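Step one of this worksheet: look at the structure below.
The values are calculated or read from the model by the stated rules, or taken from the named source; none is laboratory data. Model, not experiment: these values are computed from the prediction. Backbone-built Cβ (ideal geometry, glycine too); neighbour counts: all protein chains shown.
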Amino acid sequence: MLDKTKVRKLWLQDATEQKEFLDTVVKDNIEKYRKGDCKFRFTDENGNILANKKVKINQISHDFKYGANILMLDEFKDDELNKKYREQFKKHFNLATVPFYWDALEPEEGKERFDKNSPKIYRRPAPDLCLEYCNENGIDAKLHCLVYDKFIPKWLPRDNMEKMEELYEKRIKEIAKRYKGKLYEFEVINEVGLEREWEYKSKISEKRDVVEWSFNMARKYLPDETLVINEGGSPIYFLGSDDYRSAYFMLCNLALKNGASIDKIGLQHHTFTGSTSKTEEEYEKAVMQKINKFNPKFILRALDIISELNLPLEITEVTIPTFGFDKEDEILQADLLEVLYTTFFSHKNVNEVVYWNLPDGCAYEIDGWNENNVKGGLFKKDMTPKESAKRLHYLFNEKWHTDLELVTDENGCVNFRGFYGNYVAEIDGKKYNFGLHKKD
């Protein structure tokens, strides 16, 4: 049986040792990069100065995006769980990753599942359903993913390079026609560094210039959209350990030199501890192994290295394990989440962090790999928030949030420093909307 005290000490060791660094450098960088100064002068409808008046300043949204995948939207058999999912998602997130996996979007040739009333496929809600929900609730939606050769339909002539190029172009063209101008961003290609592990893929994966080809094809039909490259296999870990010789740095560097039209670099940061464990002994051994995925200095060094490619960064997928079902297990997951999100939030080039699976028990699994073993959800199976969900909500709605009560000076002015986002100011019973946004 795991010793919970030892587990906690091990997994929070780096953050504990770097407490001074977190309390000074990281905290100062959040103040520097995530907040701005604002000055108002209030007058009445006749231009008279409103001096010595109380003013309430309330932040109503963040410019920084904190999201999750939306793979379980209306996917539960229980209507009450679907309702809870919808309520919790909009409460906790302002960005949703929408699935566009080809095998589920077009399981039969020519029979696409864009429409919200399309036949259901588990963990693959129709894009139009997701966008409808996001639009109704003020949530931005991003596409995942145009070229992901691991999840392709069986009807494709996968051994014919010429036909695969034609069909990929047709897919991208159709998606662009239907969704350009409607999405926050488009992930173009995903996990090329993991192709060696894919048992089923097409000739496209053999292209030497698959990254450049994919981005050029996407830019052809999406000239004005934000195009993102995404990578798994612990890219932050290898950037931190291998620096400029890490595979992902070299891949992105070469693709950019070859003219790939990349707007943003995406990095996954999953911790799938226990996903391959077959026995309790194997699981406990995995839990007690030291890793560098929650080391603030290590992570920031990795982000600094990839930032030298002069593109904004996005943490596209995050999973944090829970090592049991007790409250203290949940608190450890929440503490690890705060370490990660604080670190990411402090880096000037990171603009989005996306958590991956929301509820426990609904993750990806195949033979020999079961992400449900990780218990990486922020919610329990019944959509009850775990301590990690509560912590995430606290971070963006209390700790990194600006609500103030001020008094105008003799000139009717107020000054404040707040987190970037949209606000409401209230004075003399009247409300005014305004934005405080970072200038490039």
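For region 86-97, indicate whether the set of residues that are farther than 30 Å from Thr402 by Cβ and at pLDDT 95 or above is non-empty. Give the derivation first.
Residues of region 86-97 that are farther than 30 Å from Thr402 by Cβ, as a first pass: none.
No; the residues of region 86-97 include none that is farther than 30 Å from Thr402 by Cβ and at pLDDT 95 or above.
Determine which member of the set Met217, Met161 is among the aliphatic types (A, V, I, L, M), at pLDDT 95 or above, surrounded by fewer than 18 Cβ atoms within 10 Å (Cβ to Cβ) and more than 16 Å from Thr316 (Cβ to Cβ). Full working, then the answer.
Working: Met217 fails: surrounded by fewer than 18 Cβ atoms within 10 Å (Cβ to Cβ).
On inspection, the qualifying residue turns out to be Met161.
Name the residues in region 45-72 that are assigned to a loop (DSSP other than H, G, I, E, B) and of a type outside the set (Lys, Arg), would you?
Glu45, Asn46, Gly47, Asn48, Leu50, Ala51, Asn52, Asp63, Phe64, Ile70, Leu71, Met72, listed by residue number.
Can you tell me how many residues in region 206-217 are part of a helix (DSSP H, G or I) and either farther than 18 Å from Met250 by Cα or over 27 Å from the mean Cα position of the chain (by Cα) (or both)? Step through it out loud before you land on a result.
Step one: of region 206-217, the residues part of a helix (DSSP H, G or I) are 206, 210-217.
So of that shortlist, the ones also either farther than 18 Å from Met250 by Cα or over 27 Å from the mean Cα position of the chain (by Cα) (or both) come out as 206, 216-217.
Counting residues in region 206-217 that are part of a helix (DSSP H, G or I) and either farther than 18 Å from Met250 by Cα or over 27 Å from the mean Cα position of the chain (by Cα) (or both) gives 3.
How about region 236-281: which of its residues are hydrophobic (A, V, I, L, M, F, W, C), over 17 Å from Asn349 (Cα atoms) and in contact with a helix residue (DSSP H, G or I) (Cβ under 6 Å, 6 or more places away or on another chain)? Quick ask: steps written out before the conclusion?
As a first pass, look at region 236-281 and keep what is hydrophobic (A, V, I, L, M, F, W, C): 236, 238-239, 247, 249-252, 254-256, 260, 262, 265, 267, 272.
If we keep only those that are over 17 Å from Asn349 (Cα atoms) as well, we get 238, 247, 250-251, 254-256, 260, 272.
Within region 236-281, Ala247, Ala255, Ala260, Phe272 meet the criteria.
Taking region 282-327 only, how many residues are part of a helix (DSSP H, G or I) and of a type outside the set (Asp, Glu)? Talk me through it step by step, then tell me what you get.
At the first step, the residues of region 282-327 found to be part of a helix (DSSP H, G or I) are 282-287, 296-307, 327.
From the residues that got through so far, the ones that are of a type outside the set (Asp, Glu) too are 283, 285-287, 296-303, 305-307, 327.
Total satisfying the criteria: 16.
Could you run through region 121-139 and say how many residues are of a type in the set (A, V, I, L, M, F, W, C) and in a loop (DSSP other than H, G, I, E, B)?
So the first thing to find is which residues in region 121-139 are of a type in the set (A, V, I, L, M, F, W, C), and the list is 121, 126, 129-131, 134, 139.
Next, from what is left, pick out any that are in a loop (DSSP other than H, G, I, E, B): 121, 126, 139.
Total satisfying the criteria: 3.
Mind telling me which of the residues Lys116, Lys65, Lys91 ends up being at negative phi and without any contact (Cβ under 8 Å) to a residue 60 or more places away in the chain?
Details: Lys65 fails: without any contact (Cβ under 8 Å) to a residue 60 or more places away in the chain; Lys91 fails: without any contact (Cβ under 8 Å) to a residue 60 or more places away in the chain.
After applying the criteria, what remains is Lys116.
Looking at (1) loosely packed, with under 11 Cβ neighbours inside 10 Å; (2) over 16 Å from Phe298 (Cα atoms), which one does Ile30 not meet, given that it meets all the others?
With respect to (1) loosely packed, with under 11 Cβ neighbours inside 10 Å; (2) over 16 Å from Phe298 (Cα atoms), Ile30 is out only on (1).
Tell me, please, whether a residue that is surrounded by fewer than 21 Cβ atoms within 10 Å (Cβ to Cβ), touching a residue at least 60 places away in the same chain (Cβ under 8 Å) and among the polar types (S, T, N, Q) can be found in region 314-334.
no
If you take the residues of region 349-391 that are of a type in the set (A, V, I, L, M) and in a loop (DSSP other than H, G, I, E, B), which of them is nearest to the chain's Cα centre (by Cα)?
Filtering region 349-391 for residues of a type in the set (A, V, I, L, M) gives 350, 353-354, 358, 363, 366, 374, 378, 383, 389.
Filter again for in a loop (DSSP other than H, G, I, E, B), leaving 358, 363, 378, 383.
Numbers: Leu358: 12, Ala363: 16, Leu378: 14, Met383: 20 Å.
Applying the filter and picking the extreme gives Leu358.
Sort out which residues of region 96-109 are more than 13 Å from Leu146 (Cα to Cα), surrounded by fewer than 22 Cβ atoms within 10 Å (Cβ to Cβ) and touching a strand residue (DSSP E or B) at 6+ places or on another chain (Cβ under 9 Å), and write them in order of number.
The answer is none; no residue qualifies.
Of the conditions (1) surrounded by 13 or more Cβ atoms within 10 Å (Cβ to Cβ); (2) within 19 Å of Leu332 (Cα to Cα); (3) of a type in the set (D, E, K, R), Lys35 satisfies every one except a single condition; which number is it?
(2)
Scan Asn258, Asn310, Asn351 and give me the residue that is of a type outside the set (D, E, K, R), touching a Phe, Trp or Tyr at 6+ places or on another chain (Cβ under 9 Å) and surrounded by fewer than 21 Cβ atoms within 10 Å (Cβ to Cβ).
Working: Asn258 fails: touching a Phe, Trp or Tyr at 6+ places or on another chain (Cβ under 9 Å); Asn310 fails: touching a Phe, Trp or Tyr at 6+ places or on another chain (Cβ under 9 Å).
One residue alone meets the criteria, Asn351.
For region 140-150, what are the residues that are basic (Lys, Arg) and assigned to a loop (DSSP other than H, G, I, E, B)? Break it down stepwise before answering.
Our first condition is that a residue be basic (Lys, Arg); within region 140-150, this holds for 142, 150.
Passing the criteria: only Lys150.
Just give me the residues in region 239-251 being in contact (Cβ under 8 Å) with a residue 12 or more places away in the chain and surrounded by fewer than 21 Cβ atoms within 10 Å (Cβ to Cβ), in sequence order.
Filtering region 239-251 down to residues in contact (Cβ under 8 Å) with a residue 12 or more places away in the chain leaves 239-241, 243-244, 246-249, 251.
Matches in region 239-251: Ser241, Asp243, Tyr244, Ala247, Leu251.
Taking the residues in region 135-158 that are over 20 Å from the mean Cα position of the chain (by Cα) and among the aliphatic types (A, V, I, L, M) as candidates, determine which candidate is surrounded by the most Cβ atoms within 10 Å (Cβ to Cβ).
Out of the qualifying residues, it is Ile152.
Can you tell me which of Glu75, Glu80 is touching a residue at least 60 places away in the same chain (Cβ under 8 Å), among the acidic types (Asp, Glu) and not in a strand (DSSP E or B)? Explain how you work it out, then say what you get.
Details: Glu80 fails: touching a residue at least 60 places away in the same chain (Cβ under 8 Å).
Glu75 is the lone residue from the list that is touching a residue at least 60 places away in the same chain (Cβ under 8 Å), among the acidic types (Asp, Glu) and not in a strand (DSSP E or B).
Scanning for something in a helix (DSSP H, G or I), without any contact (Cβ under 8 Å) to a residue 60 or more places away in the chain, among the basic types (Lys, Arg) and closer than 22 Å to Ala96 by Cα, does region 172-181 turn up at least one residue?
So the first thing to find is which residues in region 172-181 are in a helix (DSSP H, G or I), and the list is 172-179.
From the residues that got through so far, the ones that are without any contact (Cβ under 8 Å) to a residue 60 or more places away in the chain too are 172-173, 176-177, 179.
From what's left, among the basic types (Lys, Arg): 173, 177.
Restricting the remaining residues to those that are closer than 22 Å to Ala96 by Cα gives 177.
Scanning region 172-181 turns up at least one residue that is in a helix (DSSP H, G or I), without any contact (Cβ under 8 Å) to a residue 60 or more places away in the chain, among the basic types (Lys, Arg) and closer than 22 Å to Ala96 by Cα.
Step by step: first the residues of region 28-44, then only those that are within 18 Å of Tyr432 (Cα to Cα) and outside any strand (DSSP E or B), then the one that is modelled with the lowest pLDDT. Which residue is that? I'd like the intermediate steps shown before the answer.
Let us first name the residues in region 28-44 that are within 18 Å of Tyr432 (Cα to Cα), namely 37-44.
Next, from what is left, pick out any that are outside any strand (DSSP E or B): 42, 44.
Values: Phe42: 97, Asp44: 94.
So, considering only residues that are within 18 Å of Tyr432 (Cα to Cα) and outside any strand (DSSP E or B), the one modelled with the lowest pLDDT is Asp44.
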